[in-house]
1. In segment 12-56, how many are assigned to a helix (DSSP H, G or I), of a type in the set (A, V, I, L, M), without any contact (Cβ under 8 Å) to a residue 40 or more places away in the chain and in contact with a helix residue (DSSP H, G or I) (Cβ under 9 Å, 6 or more places away or on another chain)?
2. Scanning segment 97-114 for residues that are touching a strand residue (DSSP E or B) at 6+ places or on another chain (Cβ under 8 Å) and farther than 13 Å from A23 by Cα, which turns out surrounded by the fewest Cβ atoms within 10 Å (Cβ to Cβ)?
3. As an exercise: evaluate D146 against (1) surrounded by 18 or more Cβ atoms within 10 Å (Cβ to Cβ); (2) within 30 Å of K75 (Cβ to Cβ) and give the number of the one condition it does not meet.
4. Go through (1) open to solvent by less than 30 Å² (accessible area, probe 1.4 Å); (2) out of contact with any helix residue (DSSP H, G or I) (no Cβ under 6 Å at 6 or more places or on another chain); (3) small (G, A, S); (4) not in a helix (DSSP H, G or I) one by one and return the number of the condition G61 breaks.
5. Counting just the residues of segment 425-445 that are modelled with pLDDT of 95 or more and in a helix (DSSP H, G or I), which one comes out surrounded by the fewest Cβ atoms within 10 Å (Cβ to Cβ)?
6. Within segment 87-110, is even one residue without any contact (Cβ under 8 Å) to a residue 12 or more places away in the chain, of a type in the set (S, T, N, Q) and part of a helix (DSSP H, G or I)?
7. Please go through segment 243-283 and pick out each residue that is assigned to a strand (DSSP E or B) and exposed (fewer than 14 other Cβ atoms within 10 Å of the Cβ).
8. For segment 9-40, give me the residue count where each residue is of a type in the set (A, V, I, L, M, F, W, C) and surrounded by fewer than 17 Cβ atoms within 10 Å (Cβ to Cβ).
Amino acid sequence: MVIEKSIKFLDNSQASLTIKVDAESVEDAYRKKLQDYQKTIQLDGFRKGKAPLNLIERKVGDIVREESTFNTLEKHLMEVIDTLSDKEKPLSYSTPELQDEEKLLPFKKGEDITFTVKYDVYPDLDVKNYKNREIEVTGYEIKDEDIQKEIDKLLDQNAIVKTKENGTVEKGDIVTLDYVELDNDGKEVEATKRNGFTFTVGSGYNYYELDDDIIGMKKDEEKNVTKTYPENDDVLAGQTKTIKVKVTEIKVKELPALDDEFAQDVKEEYKTVEDLKNGCKEKLEKDAENIFMEDKMTALLTLLESETEFSLPESMVRIELENSWRRFVQQSGLEESVLEKFMNMQDQSKASIFETWKPSAEQNVRNQLVLEDIKKKEDFPVSEEEVDKILKERFSSVTDEKDLEYYKNMIKDDMQFSKVVPFLLENNTFTVKEKKSYKDFMERT
């Protein structure tokens, strides 16, 4: 049984929990574990399960004591954690780490055991003055050229693609390449070989950013491209690479005419080119307005965070990084092991990527914590009927009452959290200090 327990809050949203377990509990667990071994172990001269307990103890007693004692400590740790308040409990993704394990070993017979674990806890923060603030933000304006660019995109999307029988690669062409990286001796690096890679020249959608390097090449032409990548490149920062490139196919787009017929093809409700232009303007306004809303929240959160002292639990940042990594792997279209191998060849690794991403991950966690605190303070009402409806739709196969209660609370929490941003936008004043062109406004995001 647990004789004593104490908890101490540390810096960086951590806590240490010290527990003292009585010797009798430890010895009882040891005896039971030894008896379990007796049933299964076979020693020379004895049938399976018939060896004397004292002989087994001499043979494997130290190993059994260590195993059973650690299991006992873990069992009592979990029991104690269940009794802690939410403020004292470890975060769900923070595993308590045993401190000074070497000082506990070897476990001695008949002695109480005192041990300490350390883990992350939910940070202590108190966001104040999050209503009735006046915030300056940058606005936007949509010009005729922005609308024309949107129309150009639609024309491009509806273009007819034809094989370019003669001529050379130009910007806007759809090109198919075979390429492979060469090492310092001019030999092909097999793992980097890619055949039949197709992309639009000028889009930048190719790993080695070869758009400008292949302009002017003809079909079936081959050449080596050596280039040094800028220090701010996402993947190949500062590296010099030589890539052997072969153009295997060139296709060109023929754009349709911009007329009423084209407008009707884009959307049924459009009847004229003017309708198309108005529709494009509405789309741009909606896109910019979404970014504008994000800017307003960023400005407000930056202000609130500057006025609120709190530290970030490392485990929360780690989970944020892992989630970003999963999205990165998914977007790459490669198996995780293949992606990591490819990155290693470029002197990159998951760890180095995490280091690059860490500031952004920390900012996301800060934002999350501030919004969570406001959610708790406001305790937004939610419809029980709506909660029950979502519960039935998503978890109809769940029958355990405890699990259902957990999911119900999770749904309620998500619904409350979704109300925080609209609440903050409605209860604060945002003043446009200047307006940028749509292009500059969107590009800086």
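The values are calculated or read from the model by the stated rules, or taken from the named source; none is laboratory data. This is a predicted model, so every value here is computed, not measured. Cβ atoms come from the backbone with ideal geometry, glycine included; neighbour counts cover every protein chain shown. Ligands, DNA and RNA are excluded from the accessible area calculation, which covers all protein heavy atoms including side chains. Shrake-Rupley method; radii C 1.70, N 1.55, O 1.52, S 1.80 Å.
1. Looking only at that region, the number is 3.
2. Out of the qualifying residues, it is D100.
3. So D146 meets the others, but not (2).
4. The number of the failed condition is (4).
5. Per the criteria, the residue is E426.
6. No, every residue in segment 87-110 fails to be without any contact (Cβ under 8 Å) to a residue 12 or more places away in the chain, of a type in the set (S, T, N, Q) and part of a helix (DSSP H, G or I).
7. E254
8. Number of matching residues: 3.
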